[in-house]
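Colleague: What follows is a structure written as structure tokens; I'll ask about it next.
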Amino acid sequence: MKRMMQFIIAALACAGLVATAPAQELTGTMKKIKDTGVIKIGHRDASIPFSYLDDKQRPVGYSIDLCMKIVDAVKAELKMPGLKFEFVPVTSATRIPILTAGNIDIECGSTTNTKERQKQVSYAYTTFYTGTKLLVKANSGIKSYKDLKGKTVAVTQGTTNERAIKALNDAENLGMNFIHAKDHNESMLTVETGRAVAFPMDDILLYGLVANHRSPKDWAVVGDYLSPDPYGIMIRREDPQWQAFVNKVIGGLMKSGEIRKIYAKWFLSPIPPRNINLNLPISSTLEQLIKNPNNEGV
Amino acid sequence: MAYNWNWGVFFQDAMFGPGTYLDWMLSGLKWTVVVSLAAWLIAFSVGSVLGVLRTTSFRFLRGVAATYVEIFRNVPLLVQMFIWYFVVPELMPKDVGRWMKTGMPMPEHTSAILCLGFYTASRVAEQVRSGIESISRGQTYAAYAMGLTEVQVYRHVLLPMGYRIIIPPMTSEFLSIFKNSSVALTIGVLELTAQSRQITEFTFQGFEAFTLATVLYIMITMTVILLMRVVEGRFRVPGFIGTGGR
């Protein structure tokens, strides 16, 4: 009987312990944020309208707004109203090493979710869907990638678009020359100064670049999609707690329809710095993704 | 940290183009060496002339050389790269500009070589000047007293001594040019650092790529150091620079 009592007491104690322990042990990024009191956000400087610097050099954009919702949710979840956030600039080439090294906790830019990248990083639900098109001068006469035979093409180093155009070049023996610019602005400048005739990039970013150019009418975005590019917020892999949390926030925004308001703010209204309206309604693909969120790569 | 090390990445077939990622690295190595050596030829010759001009008795020439040195060594290399590549062709007459942009063979590489060469020339010039100025005045006066002309004084007295005194700092400049050549990636030269970044972006094995790049850079610089040590051992002036190299 004494034994029995001991067993019951032990069992009760165990149950009590379980009940008073925190709902969930913090791991990975969540733990890091709790310990350091800072959440570090990676941003881009010219990925309009996702993540770019406005006229006061502050990071703004669609992805930044989504990330600020995540920051708010983290504050509530960890009960840390004083949680600080820090913006860290990243580029196409640095975003993955900076994330894996832990210098940022979340990348809020315009990053295509690819299966290859998923070997090193993870993604939240896809929040935008685009594809590669060509930026050319309006008077160039170029209509599709087939017109680029033997011509010089500007690519931004380390982008999925570089891969797409080079794969086409190899597959169809088009004999293109490539100039490897370090960012989107420089790629555009390379075309503007006549060194290259085309710049393949996600079409939405091209619309943004053109809208912010001093004379948008000189430019044209042409061709069929050369590659599909689903964008997602990038996070470290093998960090299930953080991934589930970020997805819960993004999924919540999708369910409540709040993401449509954020979308409208950046794609259907005038945006800084030049107050231009991109006027791009939600595509049918993105509509599907809002109804059934997923984070499938390409 | 969740990082998957994979040294086999260098033997994978590259995402595009023929060959493996190792071939990308070797092509990067080739361009680092080619750009640096070509730029060093410019830097050494132009820098020598400027260094001499900075010490001549002609005030106007001294002024010209001093202006060059101050402009080229005070503007960041990154900015100079951008100017040579994007701005200079626009300032030229239209046809020349168009040729520089599309006709010139390998515009990025040529611009990078010119930029790096003329930038380093300003630094070489200062080393040459310091070498010449470190020779005691007495030697110059003695040379003039023997009836040598200014050209002869430089040719037979100042330069043979000056160049030998500045071998150690020149070695540093020679090393710097290899390391500075990585700035050329900003105008699209796919040298060693640029290729490492490319491989990082296409395979996400950045640590492997940059580790190999580091090893290759060290191999280049060690070769230069050994070479310069031989030069130093052969040409140093006993008593002026240390017995380094022995």
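The values are calculated or read from the model by the stated rules, or taken from the named source; none is laboratory data. Treat the numbers as computed from the prediction; the structure is a model and nothing was measured. In this analysis, Cβ positions are derived from the backbone assuming ideal geometry, glycine residues included, and neighbour counts consider all displayed protein chains. For the accessible areas, the whole protein counts, side chains as well, though only heavy atoms, and no ligand, DNA or RNA atoms are used. Shrake-Rupley method; radii C 1.70, N 1.55, O 1.52, S 1.80 Å.
Colleague: Using a 1.4 Å probe on the heavy atoms of the protein chains only, list every residue of segment B:187-209 that has 40 Å² or more less accessible area in the complete assembly than in its chain alone.
Modeller: Buried-area filter returns B:190, B:197, B:198, B:201, B:202, B:204.
Colleague: So, one more: Work out the FRET efficiency for residue A:225 and residue A:119 from their Cβ-Cβ distance, taking R0 = 35 Å, and round it to the nearest 0.05.
Modeller: Numbers: r = 25 Å, r/R0 = 0.70.
Plugging the Cβ-Cβ distance into 1/(1 + (r/R0)^6) gives 0.90.
Colleague: What is the Cα coordinate range of chain A on the first, second and third principal axes, sorted by size from largest, in whole angstrom?
Modeller: Projected onto its principal axes, the Cα set of chain A covers 94, 41, 33 Å.
Colleague: Which of A:56/B:101; A:115/A:146; A:75/A:119; A:265/A:291; A:40/B:179; A:34/A:248 have a Cα-Cα distance over 24 Å?
Modeller: Where the Cα-Cα span goes over 24 Å, the pairs concerned are A:56/B:101; A:115/A:146; A:75/A:119; A:40/B:179.
Colleague: Looking at segment A:67-104, which residues lose a minimum of 40 Å² of accessible area between their chain alone and all protein chains in place, measuring with a 1.4 Å probe and not counting ligands or nucleic acids?
Modeller: A:93, A:100
Colleague: Hey, in the GNM for chain B with a 10 angstrom Cα cutoff, which one of B:86, B:202, B:58 fluctuates hardest?
Modeller: For chain B, modelled as a Gaussian network with Cα springs under 10 Å, the answer is B:58.
Colleague: Which of these, A:173, A:247, A:185, has the largest mean-square fluctuation under a Gaussian network model of chain A (Cα springs below 10 Å)?
Modeller: Among A:173, A:247, A:185, the largest mean-square fluctuation in the Gaussian network model of chain A belongs to A:173.
Colleague: Which aspartates and glutamates have a Cα lying under 13 Å from the Cα of residue A:149, excluding residues fewer than 8 positions away in the same chain?
Modeller: Output for residue A:149: A:170, A:172.
Colleague: Still on this structure: Which whole-number value in Å² is the accessible area per residue of chain B, probe 1.4 Å?
Modeller: The answer is 49 Å² per residue.
Colleague: For the pair B and A, how large is the buried accessible area, both sides, in square angstrom to the nearest 100, if the probe is 1.4 Å?
Modeller: 2700
Colleague: Could you work out the local net charge near residue A:280, counting Lys and Arg as +1, Asp and Glu as -1, over the other residues with Cβ closer than 15 Å to its Cβ?
Modeller: Result for the neighbourhood of residue A:280: -1.
Colleague: Moving to a separate point now. Counting only protein heavy atoms and a 1.4 Å probe, tell me what percentage of segment A:50-135's accessible area is made up of carbon and sulfur.
Modeller: Working: 1610 of 3030 Å².
C and S fraction of accessible area: 53 percent.
Colleague: Per-residue ellipticity at 222 nm for the protein assembly as shown, helices alone: DSSP H runs ≥ 4 residues times -39500 (n - 2.57), over residue total, nearest 500 deg cm²/dmol?
Modeller: It lands at -16500 deg cm²/dmol.
Colleague: Using the basic label-point model (7 angstrom from Cα toward the beta carbon), what is the residue A:260 to residue B:104 distance in nanometres?
Modeller: Distance between label points: 5.5 nm.
Colleague: Could you name the aspartates and glutamates whose alpha carbon sits less than 17 Å from that of residue A:69, not counting residues in the same chain fewer than 8 places away?
Modeller: Of all the aspartates and glutamates, those that pass the test against residue A:69 - Cα under 17 Å, at least 8 places apart if same chain - are A:77, A:86, A:105, A:107, A:258.
Colleague: Give me the accessible area per residue for segment A:137-258, probe 1.4 Å, as a whole number in Å².
Modeller: Heavy-atom SASA per residue in segment A:137-258 reads 38 Å².
Colleague: Out of all Cα-Cα pairs in segment B:19-235, roughly what percent, to the nearest whole number, are more than 25 Å apart?
Modeller: Result for the distance tail: 49 percent.
Colleague: Another one. Note down the accessible area of residue B:31, probe 1.4 Å, to the nearest 10 Å².
Modeller: Answer for residue B:31: close to 50 Å² accessible.
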